[in-house]
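Only one structure is covered here, and it is reproduced in the block below.
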Amino acid sequence: MQDAILLSSGPDIDIMVKGLFSYELFGQTFWITTTHVCLLIVMLVLTVFSIAANRAMKHASEVPGGFQNVVELIVEMLDKMVHGVMGKSGDKFVNYIGTIFIFILISNISGLFGLRPPTADYGVTFPLALLSFILIHFNQFKYQKPKEIWVDMCSPLPPWLPIWFPINVISELAVPVSLSLRLFANILSGTIIMALIYALLSKIAYFWPGALHAYFDIFSGCIQTYVFCMLTMTYISNAIGEEE
Amino acid sequence: MDNITGAELIRACSAIGAGLAVIAGIGPGIGQGIAAGHAAAAVGRNPGAKSDITSTMLLGQAVAETTGLYGLLVAILLLFVQPLK
């Protein structure tokens, strides 16, 4: 009863990641959780969509119609978004940004179809942010000279006085943490609120939670997807520096 | 009041702590309101740039939201994970 007051383990409140079955590997116990299953479903949907899009584009007609129209719309929208932020260097990154955009978007919206959104698991969002982090610093070392990076890292003070260097390192390391926590906490809070509403108001929660779904799943999911991709692009174009 | 065990006390204090942690939502609320107000003023001054203003506002609000989300995360950890148990 006390547990139910704290809403931590009530019988019908369903917010935690559940383990489905476990296996032993190298002396460690690993769990296949609901996140894995939902991720597999999302991947399956995306794969089927990609194959269908590929089929449609193989015999594309001059005047697009039907499915081809949809595919072209998506690609053009992503192109416009990436080029709007990154300018000329957007060509190289439109594949990566487009991939994570579609993946995160479908993951966030999957709460609408009764799945537990995979992005409401820190184990999914942190690797995504880590990928972006690696990409940012790979491009920084590719496009800037080591001396420029050193001057940048000691930035408010002159480069021979590296007092600010540790603080700048910490602020660089905070980038993947804040990127992933923002996405994770937004989607998790939406999941929790929907679960609480369905559990506590089960008798009267009939049609009106649809409005809340529209906010928490669609609006919040789209905004967070956009913000994740936007921040990744901004960081990468900062790392590339001035166009030569 | 002798029959309160240590675990129950910790649980009660966790609930209070979670309530205190979400006070962090005040700051982002004010900040997002300021951002939205200025964006509305900007749209009023220059209605042609509405889409640019909206996307900039949403990006800024999402970044400002981060501190509030940290407070929310602390509250969620205290309530659902119960690390102090």
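Structure data summary
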{"quantity": "Mean separation of Cα contacts under 8 Å, 6 or more apart, over the residue count of chain B: relative contact order %", "calculated": "51"}
{"quantity": "Derived scalar couplings ³J(HN,Hα) [the stretch A:185-200; Karplus, 6.51 cos²θ - 1.76 cosθ + 1.60; whole Hz; x for Gly, Pro]", "calculated": "5, 4, 6, 5, 5, x, 4, 5, 5, 5, 5, 5, 5, 5, 7, 7"}
{"quantity": "Shielded residues, the stretch B:37-65 - accessible-area loss of 40 Å² or more between chain alone and all protein chains, probe 1.4 Å", "calculated": "B:Leu58, B:Leu59, B:Ala62"}
{"quantity": "Residues listed by number, the stretch A:146-187, amide nitrogen under 16 Å from A:Ser89 label point at 7 Å toward C-beta", "calculated": "A:146-150, A:152-153"}
{"quantity": "For chain A, calculated [θ]222 nm from helices alone, where every DSSP H run of n ≥ 4 adds -39500 (n - 2.57)", "calculated": "-22500 deg cm²/dmol"}
{"quantity": "Interchain or long-range residues, amide H under 5 Å from A:Gln144's placed H", "calculated": "none"}
{"quantity": "Phi to ³J(HN,Hα) by Karplus 6.51 cos²θ - 1.76 cosθ + 1.60 over the stretch A:38-54, Hz, x for Gly, Pro", "calculated": "5, 4, 4, 5, 4, 4, 4, 4, 5, 5, 4, 4, 5, 5, 5, 5, 4"}
{"quantity": "In Hz, Karplus ³J(HN,Hα) per residue of the stretch A:129-143 (6.51, -1.76, 1.60; θ = phi - 60°; x = Gly, Pro)", "calculated": "5, 5, 4, 4, 4, 5, 4, 4, 7, 4, 6, 4, 6, 7, 9"}
{"quantity": "In the B-A interface, the accessible area buried, summed over both sides, Å² (probe 1.4 Å)", "calculated": "1800"}
{"quantity": "Å² per residue, accessible surface of chain B at 1.4 Å", "calculated": "61"}
{"quantity": "Rounded to whole Å, sorted largest first: equivalent-ellipsoid semi-axes of chain A, Cα gyration tensor", "calculated": "36, 28, 18"}
{"quantity": "Sequence of A:Tyr23, A:Tyr143 when ordered by accessible area, the most exposed leading, probe 1.4 angstrom", "calculated": "A:Tyr23, A:Tyr143"}
{"quantity": "Percent accessible area from carbon and sulfur atoms, chain B, protein chains only, probe 1.4 Å", "calculated": "70"}
{"quantity": "Threshold 10 Å², the stretch A:153-202 residues less accessible with all protein chains present than alone (1.4 Å probe)", "calculated": "A:Ser178, A:Leu181, A:Arg182, A:Phe184, A:Ala185, A:Asn186, A:Leu188, A:Ser189, A:Ile192"}
{"quantity": "A:Ala205 long-range amide H proximity, modeled H, under 5 Å", "calculated": "none"}
{"quantity": "Sequence-separation-based contact order of chain A, relative, with Cα cut under 8 Å and 6+ spacing, percent", "calculated": "23"}
{"quantity": "Cα point-scatterer Debye curve for chain B, base-10 log of I(q)/I(0) at q = 0.20, 0.27 Å⁻¹", "calculated": "-0.86, -1.15"}
{"quantity": "For chain B, calculated [θ]222 nm from helices alone, where every DSSP H run of n ≥ 4 adds -39500 (n - 2.57)", "calculated": "-25500 deg cm²/dmol"}
{"quantity": "The stretch A:193-238 and the stretch B:1-68: distance between their alpha carbon centers, rounded to Å", "calculated": "15"}
{"quantity": "Listed residue pairs exceeding 23 Å between alpha carbons, taken from A:Lys80/B:Lys50; A:Lys18/B:Lys85; A:Lys203/B:Lys85; A:Lys88/A:Lys142; A:Lys88/A:Lys145; A:Lys92/A:Lys142", "calculated": "A:Lys203/B:Lys85"}
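The values are calculated or read from the model by the stated rules, or taken from the named source; none is laboratory data. Remember, predicted model here, so these are calculated numbers, not experimental data. All Cβ positions, glycine included, derive from the backbone under ideal geometry; neighbour counts span all protein chains shown. For accessibility, only protein heavy atoms count, side chains too; no ligands or nucleic acids. Shrake-Rupley method; radii C 1.70, N 1.55, O 1.52, S 1.80 Å.
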